[in-house]
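Worksheet: the structure to be examined is printed underneath.
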Amino acid sequence: MEKTLRADGPMKLVLCGCGRLHVTCGPITLHFNREEFLAFADTVGRLAGLVTQQPAGLASSARQGAHTEVCH
């Protein structure tokens with residue numbers, strides 16, 4: 001038996017009868033066991049906290065051209 005939980009967006013979480021969790025966002029599906037999912041969710045939550053602390057439109061403290069920059 002599967003149970004699907006939907007958010008308002010295109011993301012969904014399927015709780016599989018085998019105990020696995022499948023998180024789908026668009027064409028990408030991530031497969032977790034319970035502990036992996038909780039660790040992933042905790043990490044994403046902490047990253048979201050960092051984003052909310054930084055005012056919108058301000059550049060990060062990484063210097064320009066540094067390898068930590070990820071942008072197009």
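Most tightly packed first, judged by the mean number of other beta-carbon atoms within 10 Å of their residues, the peptides 19-32, 41-54 read 19-32, 41-54. Subtracting the Cα-Cα distance of Phe40 and Cys16 from their residue separation scaled by 0.36 nm leaves 6.9 nm.
Throughout, read-outs are computed from the coordinates displayed, never taken from laboratory work. Note that the structure is a prediction, hence the values are computed from the model and not measured. Note that we place each Cβ from the backbone using ideal geometry, even for glycine, and neighbour counts take in every protein chain shown.
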